[in-house]
């Protein structure tokens, strides 16, 4: 997975705080692009894959680009949150505030693989 965030780190270099609406705009303007072909391969090998992303666009586009059928349902306990799930249930992307995502949403993990998520958080939020 790779990330291209264009001028986004400039927010932090200037000491600015990125709001949720700013992150949505970054995706809409195509300043953030994540390529996740390995995620699909992990699911093909029998692993359950869970992602957490705030913006709607990359959640929807992931399933389209991978040509996977998916369902989207509201997250009952997270206002404005949605669960995007492949038809076989092996890939789940929770569209919500990262800090509102709980263990109860996805259970225990054997492995956590992360690539470039900290860059999406304000520096002041990274210690949470």
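Scanning the stretch 62-82 for residues that are more than 17 Å from residue 43 (Cα to Cα) and assigned to a strand (DSSP E or B) yields 72, 73, 74, 82. When residues in the stretch 83-121 are screened for being under 17 Å from residue 24 (Cβ atoms) and in contact with a strand residue (DSSP E or B) (Cβ under 6 Å, 6 or more places away or on another chain), 5 of them pass. Note on the stretch 81-91: residues that are modelled with pLDDT under 95 and under 26 Å from residue 19 (Cα atoms) total 0.
Taken together, the residues in the stretch 105-114 that are touching a residue at least 40 places away in the same chain (Cβ under 8 Å) and over 19 Å from residue 44 (Cβ atoms) amount to 1. Picking from residues in the stretch 88-104 that are under 16 Å from residue 45 (Cα atoms) and part of a loop (DSSP other than H, G, I, E, B), the one that is farthest from the chain's Cα centre (by Cα) is 88.
Within the stretch 105-114, does at least one residue satisfy the condition of being modelled with pLDDT of 90 or more, assigned to a helix (DSSP H, G or I) and either over 23 Å from residue 18 (Cα atoms) or out of contact with any helix residue (DSSP H, G or I) (no Cβ under 6 Å at 6 or more places or on another chain) (or both)? The answer is yes; a qualifying residue exists.
The values are calculated or read from the model by the stated rules, or taken from the named source; none is laboratory data. Remember, predicted model here, so these are calculated numbers, not experimental data. Neighbour counts run over all protein chains shown; Cβ positions are idealised from the backbone, glycine included.
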